[in-house]
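Below is one structure, written out as structure tokens; comments come after it.
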Amino acid sequence: MPITISSLCKRFGDLVVFKDLNLTFQDQAVTAVLGPSGCGKTTLLNIISGVEDKEAGTILGTDKRKISYLFQEPRLLPWKNVYANVEFLLLDIMSPEERKLRVEHFLKLVSLNEFSHYYPHTLSGGMKQRVSMARAFAYPADILLMDEPFQALDLRLKIGLAKSFNMLFLEEERTAVFVTHDIHEALMLGDEIVVFSQRPGEVRDRIINPVPRRERSLSNELLLKIEKRLYTLLR
Amino acid sequence: MLLSAEIILPSPEITVLRFFELLSSRDFWPALGATILRGLAGFFISCAAGIICGITGGLKPRFNAFIKPYIAIIKPTPVMSVILLALIWFKTDNVPIFVSFLIAFPIIFSNVIEGVSHVDGKLIEMAKLYGLKRNTKLFHIYIPSITPYFLAGISSGLGITWKVVIAAEVLAQPLHALGTGLQAAKIQLETAEVFAWTGAAILLSVVTEKSLNSILRRLPWRDS
């Protein structure tokens, strides 16, 4: 089921974040919401997850569906090793045998199976974020919300993480909403790219990514063309 | 002349000799055992109460507001006043336990409260978003976050516990106690024996502190 947002309004005091936002997030696809800082991207995620109230409008397709999250920081528990960090969210919902299979499977997908006994402080920033991705995907959910999960990392790491993400996503397709101000991230991950305007956030353009997930790379001719177009839209 | 000098400050040889005599004496081991038991009893009660009150106080501001004035009164109260009052109220064997509780509990409590205030809000937010159960949050986020603060509290709390337990024993005079031995040696002007008992008390304190610190260092997630 897609997530459909209609006539969404949201204000913080005098600050109008959304006036009349209409937007659909396709099922089993990643929608990248690309926009300048302060255009209400994080607020949008918070409204979808229910952390933030909306003022008016409707959101369909989130009821009774499980949501997993990827945050700006990896949010690992420092006292748990890699394995236990991925397992942690499954403690309440799965038997130990099920958990073991799932954790091992997803750690393998992000190539961290050899590091399962390492503690977070011994890992690099990119590895931590990969653990956090494995955790988000190991948690069984229909919806995945991501708030600039690669923002603190350099370009080379970002590309590596985007590849890991694509591996995971091909394994477990979800309705994924991904907010970012980074054009490269949007191109690598998004099946659809929605460009937001400055506040109040409105949809300026929607671009369908023509390159299949497996073949995406930043040197791809088609993606380079879209990159140019996104630059002019964001300027 | 030599005799009076030995009373004021006995020579190291005599002190060491007395120390080993003390170790082989009939009274020493029951006294040491009883002191350790009293200290640990008071200390475990302090830990249990400190953890429960500390976590509750850290999470529920109203409970914290309720308990804080009591802690604020207990903390600056002279140890001697506590001992003298306890002597009036309790059986001699229990006096040191009560005193060590009153001294160690505020330390453990403050450290646990401090630990709760340092729990990473982002981890709590994540736990909420994923709808984790209360016990999962308690045992997998709160308690591990608090552990280093709690262990630091234990370390300073236990050090002071031995001191006040022995002080309370000196005044309460239970049948078997380091403090009782110390007092008896003092009354007989056996200064070397006073030193010997003191040495035993120091050893007790050092051994417990060292073993606690080694636990603290072994926490796997500590950086250095």
Query raised in the report: When you scan segment B:119-182 for helices (runs of 4 or more DSSP H) that lie fully inside it, which ones turn up with 1 or more residues that are touching a residue at least 40 places away in the same chain (Cβ under 8 Å) and open to solvent by 10 Å² or more (accessible area, probe 1.4 Å)?
Result: B:143-172
Query raised in the report: For segment A:133-147, does any single residue satisfy the condition of being in contact with a His (Cβ under 8 Å, 6 or more places away or on another chain), surrounded by 19 or more Cβ atoms within 10 Å (Cβ to Cβ), modelled with pLDDT of 90 or more and within 14 Å of chain B (Cβ to nearest Cβ)?
Result: yes
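Right, A:Arg102: more than 14 Å from chain B (Cβ to nearest Cβ), in contact with a helix residue (DSSP H, G or I) (Cβ under 7 Å, 6 or more places away or on another chain) and free of Cβ contacts under 8 Å to residues at least 60 places away in the same chain or not?
The answer is yes for A:Arg102.
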Query - Tabulated pairs, segment A:59-73, first more than 21 Å from A:Glu148 (Cα to Cα), second surrounded by fewer than 15 Cβ atoms within 10 Å (Cβ to Cβ), C-beta under 7 angstrom, 6+ apart or interchain - result: A:Leu60/A:Thr4; A:Gly61/A:Met1; A:Gly61/A:Pro2; A:Gly61/A:Thr4
Report summary line: Residues in segment A:167-179 that are modelled with pLDDT under 90 and either open to solvent by 10 Å² or more (accessible area, probe 1.4 Å) or in a strand (DSSP E or B) (or both) total 5
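Inspect all residues belonging to segment B:109-122 and state whether any of them is at the interface with chain A (Cβ under 9 Å from one of its Cβ atoms) and at pLDDT below 95. Explain how you work it out, then say what you get.
Narrowing segment B:109-122 to residues at the interface with chain A (Cβ under 9 Å from one of its Cβ atoms): B:120, B:122.
When the remaining residues are screened for being at pLDDT below 95, the result is B:120, B:122.
Yes, segment B:109-122 contains a residue that is at the interface with chain A (Cβ under 9 Å from one of its Cβ atoms) and at pLDDT below 95.
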Report task. Go through (1) more than 14 Å from every other protein chain (Cβ to nearest Cβ); (2) without any contact (Cβ under 8 Å) to a residue 24 or more places away in the chain and name the single condition A:Ile193 misses. Result -> (2)
Report summary line: Residue pairs qualifying under the 9 Å Cβ cut-off, at least six apart or on distinct chains, with the first in segment A:215-227 being surrounded by fewer than 15 Cβ atoms within 10 Å (Cβ to Cβ) and the second being β-branched (Val, Ile, Thr), are A:Ser217/A:Ile159; A:Ser217/A:Val211; A:Leu222/A:Val211
Report summary line: Among the residues of segment A:53-98, the number that are under 20 Å from the mean Cα position of the chain (by Cα), away from chain B (no Cβ under 13 Å) and open to solvent by 60 Å² or more (accessible area, probe 1.4 Å) is 2
Query - Criterion: on the phi < 0 side of the Ramachandran plot, away from every other protein chain (no Cβ under 14 Å) and not charged (D, E, K, R) - qualifying residue of B:Ala127, B:Ala152 - result: B:Ala152
Report summary line: Taking segment A:105-121 and the residues there that are aromatic (Phe, Trp, Tyr) and either open to solvent by less than 10 Å² (accessible area, probe 1.4 Å) or touching a Phe, Trp or Tyr at 6+ places or on another chain (Cβ under 7 Å) (or both), the one that is nearest to the other protein chains (Cβ to nearest Cβ) would be A:Tyr119
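The values are calculated or read from the model by the stated rules, or taken from the named source; none is laboratory data. What you see is a predicted model; the values in this text were computed from it and never measured. We place every Cβ from the backbone using ideal geometry, glycine too, and count neighbours over all the protein chains shown. Just the protein is used for accessible areas: all its heavy atoms, side chains included, with ligands, DNA and RNA removed. Shrake-Rupley method; radii C 1.70, N 1.55, O 1.52, S 1.80 Å.
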